[in-house]
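Engineer: First the structure, which I've put down as structure tokens, then a few questions once you've had a look.
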Amino acid sequence: MEWGGSQAEGPVASPILLPRTPLVQSLVILAGKVQSGGMRRFLLLGFAVLVIAILLGCSARRENSSLSPRPGESLEEAIAWAPEGAVIVLSSGRYPANLRLEKSVTIRGAGPEATVIQAVSPGPPVVWVLGKAKVRLENLRIEGGRGGFASLEFSSAGILVQDEAQLELQTVRIAQNMASGIFARDQTQFSLRDVEILENSRYGLEIYGQAKVHAERTRIRGNKMGGIWAAGESYVALEGSTVEGNLGPGLWIRESAQARLWETQVRENQGPGLSLRDSGEARVSASLVFGHGESGVLLADAAIFSAYGTIFEANWNGLELGGGKAFLEGCVLLRNRWDGIVARAGAQVRVERCGFLGGEGSGISASGWAEVEVRNSLFEGSTIAGISGFSRVPVRGAGNEFDQNGVALLGNVEASLRRPKASPSREFLSFPDPAFSDLQEAVDALLPGGVLILSPGPHPAGIVVDKPLEIRGNGEAVLVGSPGAPVLALVKGAELRLVGVHVTGGSEGLAMGADSAAELFSCAFWENGAGLKLWQNARLYASQTSVSHHPQGGIWLWDESQGVLDEVTLFQNELCGVCAGGRSSLVLRRSTVSENGWQGGLLLRDLAEVEVWENAFFRNRGYGVAVQNPGCVGSGPGFWGKISGGRNDFSENYKGSVCPADLIFLAR
């Protein structure tokens, strides 16, 4: 074993031997010859000063010792002999060891490709830093921790840091350990710079307690349970780093842990990019969350997420909230497979100056009791809608622009969300009109209560109505939608009177949200996904209108919606002619319900209240009228509502007239 200093400067405690330099020898001789007391004292004082200086020099050399054990020699022994603050320099090669470091040392290798510290015993970590030690590891590879022990107290990690220890890593690779790459707990603090944490059997980085870590230019890749797990009151900061290709979440933030990401990429992990639960918190700035088969960010419970100037691209959903709070400013949600943001349950979302570009769902989708506010943002290219609101709380906001979405708004949303394409100025107009580029711009140009006359022929639609309005067909005018979105979407404030218009080609012919109303006269809905759907407290009156050839059913009423169908024809719709569910109410009278699908002519469920008078039900492939339960149709929740009526005709329905049989009073 080579030591950086002389043998006299090694760690072995030994008597200090002063060198017999000419100066020392002269002082000794002169002190012996001088008889004068004053002069003798002066010389002895000078001799003492010289001795102290030599001792301090020897001590300084010992405290800055540099040790260089060779491969095959005991690294543990070198550390045991090393003084506090020693630098241990390792050459190329493998050093079998399980190091327990309770003193402050620096271990410096020749590079991660050249110098490897590899576990020799199963169970303990490869490097264990504890107490109040301050340890620095440089230019090394740490691998082979085995035994698989993992608990809140102990881990067969590459590095285990505990107590109040401090650890600094520079150009280190931590790979292929049976537990996590780094496991930290208690009140430890450590920093990583130019570090790689790869292919460990648990997480790349696992931290608990009040541990704090700052990672710069660090790459965490290919770890089997995820990139980073943070719990307790721990804190992790990533700057200029990458968390990619892990077999679980990129970051999993639990309990009261916090994460801060700056100019960091979280990409192509097999779970969510970031998963936050409990009271976990993450703040992400100028970063990229990319390519996750699940959501880019997943929130639950009381978790908090905020993002600034960050891109969420090519994830299943950009963000998915089943609870918690999210705030986004200056972000771009781009080409996510389904929704940019989906908010459920009691989640809260606030969005400022963001872009939502592309996706097969909506830019933002809200349901349950989610609260969403959106301001000064751009929604472009979403297949269904820019914003879909199916929460009990209307989506609010202002100053947003919408372009080339299936529809701009859908469901329970405030009309103020959308910046109109034209200022209302007309009481009457005919379309096409060269002054307006599309039908939405023409609708926006009408004053409340205005009238729009459609010329014969097809008119590309996907329009939002948010005010009192009449649309009238002149001849056979056809509104044509796109398969993923409604042809007509009515939102809060809409009172649409639709006369003599054909509606086809959309996911729904007419989709009605909260506080909207429609009257249909002499219209025809055909070959949409579903004919008409009503949610929340929407109100519909239809007369002398036909609804046919819809694979997802003719008319659906949900929530507290209300429908009156008078002299309506419902035929050849798959599933059912009309379904009333939730707490909706339906009056069906003097109508024809025929040749509809296996769920029958009229399907009842939940707490709906239905009146059925003087209708004809014939040749439906299910029952004429039935409730949804295992004894009649499907395995649905059942029917606990009210049904009344009579004088209905039933004939040639494949499964029978009614189910259950006590509904036969409808035929009397």
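The values are calculated or read from the model by the stated rules, or taken from the named source; none is laboratory data. Keep in mind the model is a prediction, meaning the values are calculated, not measured. For neighbour counting, all protein chains shown are included, and Cβ atoms are generated from backbone atoms with ideal geometry for every residue, glycine included. Note: accessible area is taken over every heavy atom of the protein model, side chains too, but ligands, DNA and RNA are not part of it. Shrake-Rupley method; radii C 1.70, N 1.55, O 1.52, S 1.80 Å.
Engineer: With r as the distance between the Cβ atoms of residue 416 and residue 598 and R0 = 51 Å, compute the FRET efficiency 1/(1 + (r/R0)^6) and round to 0.05.
Structural biologist: Efficiency computed from Cβ-Cβ geometry: 0.75.
Engineer: Determine the relative contact order of the stretch 352-394: mean sequence separation of Cα pairs under 8 Å and six or more apart, normalised by residue count, in whole percent.
Structural biologist: So the answer I get is 51 percent.
Engineer: Once you have the Kirkwood Rh of the chain from its Cα pairs, apply Stokes-Einstein at 37 °C and 0.692 mPa s and quote D in µm²/s.
Structural biologist: For the chosen part, D equals 110 µm²/s.
Engineer: Something else: On a 0 to 90° scale, report how tilted helix 37-63 is relative to the longest principal axis of the chain, with both axes built from alpha carbons and the result rounded to the nearest 10.
Structural biologist: The helix 37-63 is inclined about 40 degrees to the chain.
Engineer: Additional query: For the stretch 269-404, what is the Kirkwood hydrodynamic radius in Å, using each pair of distinct C-alpha atoms?
Structural biologist: Answer for the stretch 269-404: a Kirkwood hydrodynamic radius of 14.0 Å.
Engineer: Then there is this: Kindly provide the Kirkwood hydrodynamic radius of the stretch 62-188 in Å, to one decimal, from all pairs of distinct alpha carbon atoms.
Structural biologist: It works out to 14.1 Å.
Engineer: Using helices alone, what [θ] at 222 nm do you get for the chain, with -39,500 (n - 2.57) per DSSP H run of 4 or more residues, divided over all residues and rounded to the nearest 500?
Structural biologist: The per-residue figure over the chain is -2500 deg cm²/dmol.
Engineer: I've got another one for you. How much length is gained on full extension from residue 480 to residue 132, taking 0.36 nm per residue of separation minus their Cα-Cα distance?
Structural biologist: 118.0 nm
Engineer: State the extension gain, in nm to one decimal, for the chain segment bounded by residue 262 and residue 121, taking 0.36 nm per residue of separation less the distance between their alpha-carbons.
Structural biologist: Full extension from residue 262 to residue 121 adds 46.9 nm.
Engineer: Specify the inter-centroid distance of the stretch 154-208 and the stretch 584-661, based on alpha-carbon positions, in whole Å.
Structural biologist: After rounding, the separation between the Cα centres reads 64 Å.
Engineer: Using only alpha-carbon positions, what ratio does the radius of gyration of the stretch 518-578 give when scaled by 2.2 N^0.38 Å?
Structural biologist: 1.01
Engineer: I've got another one for you. Which FRET efficiency, nearest 0.05, do residue 84 and residue 214 yield, Cβ-Cβ r, R0 35 Å?
Structural biologist: Working from the Cβ atoms, E equals 0.90.
Engineer: Mind checking the full-extension length gain between residue 572 and residue 549? Use 0.36 nm per residue of separation minus the Cα-Cα distance, one decimal, nm.
Structural biologist: Length gained between residue 572 and residue 549: 7.8 nm.
Engineer: Continuing with this model, one more query. Probe radius 1.4 Å, ligands and nucleic acids ignored: give me the carbon and sulfur share of the accessible area of the chain as a rounded percent.
Structural biologist: 52
Engineer: Distance between Cα centroids, the stretch 440-483 to the stretch 366-399: provide it in whole Å.
Structural biologist: 23
Engineer: When 1/r is averaged over all different Cα pairs and the result inverted, which Kirkwood radius in Å belongs to the stretch 348-426?
Structural biologist: Mean inverse Cα-Cα distance, inverted, gives 12.2 Å.
Engineer: Another question, if that's okay. When the convex hull of the Cα atoms of the stretch 507-625 is projected onto a plane and the area is averaged over all directions, what value comes out in nm²?
Structural biologist: For the Cα atoms of the stretch 507-625, the hull's average projected area reads 5.6 nm².
Engineer: First measure r as the distance between the Cβ atoms of residue 103 and residue 401, then evaluate 1/(1 + (r/R0)^6) with R0 = 41 Å and state the FRET efficiency to the nearest 0.05.
Structural biologist: 0.05
Engineer: Separate question: Counting pairs of alpha carbon atoms under 8 Å apart in space and at least six apart in sequence, what relative contact order in percent does the chain give?
Structural biologist: Computed over the chain, the figure is 4 percent.
Engineer: In the calculated pair distance distribution of the stretch 240-340, what percentage of Cα-Cα distances lie above 24 Å?
Structural biologist: So the pairs more than 24 Å apart make up 7 percent of the total in the stretch 240-340.
Engineer: When N counts the residues of the stretch 614-668, how does its alpha-carbon radius of gyration compare numerically with 2.2 N^0.38 Å, as a ratio?
Structural biologist: 1.08
Engineer: Which whole-number percent gives the relative contact order of the stretch 246-352, counting Cα pairs below 8 Å spaced six or more residues apart?
Structural biologist: Once divided by the residue count of the stretch 246-352, the mean separation gives 21 percent.
Engineer: Per residue, how large is the accessible surface of the chain? Use a 1.4 angstrom probe and give square angstrom.
Structural biologist: 40
Engineer: Does the stretch 447-592 classify as rounded, prolate or oblate by the C-alpha gyration tensor (a ≥ b ≥ c root eigenvalues; a/c under 1.5 gives rounded; else a/b over b/c gives prolate, otherwise oblate)?
Structural biologist: Cα axes put the stretch 447-592 in the rounded bin.
Engineer: Can you classify the stretch 134-281 as rounded, prolate or oblate using the Cα gyration tensor, where a ≥ b ≥ c are the square roots of its eigenvalues, rounded means a/c under 1.5, and otherwise it's prolate if a/b beats b/c and oblate if not?
Structural biologist: Rounded shape, in that the Cα axes give a/c under 1.5.
Engineer: Using square roots of five times the C-alpha gyration tensor eigenvalues, list the equivalent-ellipsoid semi-axes of the stretch 415-506 in whole Å, biggest first.
Structural biologist: 18, 16, 12
Engineer: Filter 132/212; 325/492; 421/492; 467/533; 421/467; 325/467 down to the pairs with a C-alpha to C-alpha distance above 21 Å, please.
Structural biologist: Where the Cα-Cα span goes over 21 Å, the pairs concerned are 325/492; 325/467.
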